[in-house]
1. Do the conditions hold for Arg79, that is, is it among the basic types (Lys, Arg) and surrounded by fewer than 16 Cβ atoms within 10 Å (Cβ to Cβ)?
2. So which residues in the range 49-69 are open to solvent by less than 60 Å² (accessible area, probe 1.4 Å) and in contact with an Asp or Glu (Cβ under 7 Å, 6 or more places away or on another chain), if there are any at all?
3. So how many residues does the range 121-177 have that are touching a Phe, Trp or Tyr at 6+ places or on another chain (Cβ under 7 Å) and either free of Cβ contacts under 8 Å to residues at least 12 places away in the same chain or open to solvent by 70 Å² or more (accessible area, probe 1.4 Å) (or both)?
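The values are calculated or read from the model by the stated rules, or taken from the named source; none is laboratory data. No experiment lies behind these values; they were computed from the predicted model shown. Cβ atoms come from the backbone with ideal geometry, glycine included; neighbour counts cover every protein chain shown. Areas reflect the complete protein model, heavy atoms only, side chains present, ligands, DNA and RNA absent. Shrake-Rupley method; radii C 1.70, N 1.55, O 1.52, S 1.80 Å.
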Amino acid sequence: MVNDKITLEPGDVLCVTGDMFIVSTGIRLVEKFWSKDNEATYGHSAIVGSAGGTLLDTLWRTRWTHISRYTGQQMIIARPVKTLRGIVIDEAAKSLAVEMLSTECHGKLYPVHRLFLHLIPPLAKYFSNGHWRVCSENSAKLAVMLGAMDGPWAGITPDDLADRWRRWNNFEVIFEGIWPSSSDEV
């Protein structure tokens, strides 16, 4: 539980504007260029690891951070609730998938070279060995592991994720707006 109204669960996924001005702005510009809806609000993605707001966050290294680092930023939080076949995804499956991803990628350096492939999205999709993933690819891989999304996860951007979460009925958007400080209400 982060505040009185939003309850986070392990396996929830989020996208934020991004807190590295030049990099985040550049990511959103490229996303908007390729976007089918001509909108790209989000430039970073992370995975919720606990109800207390810990995040598996792919920054310069993949590490555990806290949702409070994104206070004041535009954010969307989605919860995978069903597989593509309509089967309810339980909390144990989500926790296990988060643990497996953490074991696989915690401490890895950020794959900056993959950002260049994202300039032309099919390159990021087809030139991936699965070992190195940017933030949104980690969130997409979690969704694929849970059966809430088909592969490939390679080449997925924060804008792709937000668009899917809003449209697909197997994700529930539990928050979208400016993330408040812990003393603010959502």
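1. Taking the combined requirement at face value, the residue does not satisfy it.
2. Within the range 49-69, Ala51, Thr65 qualify.
3. 1
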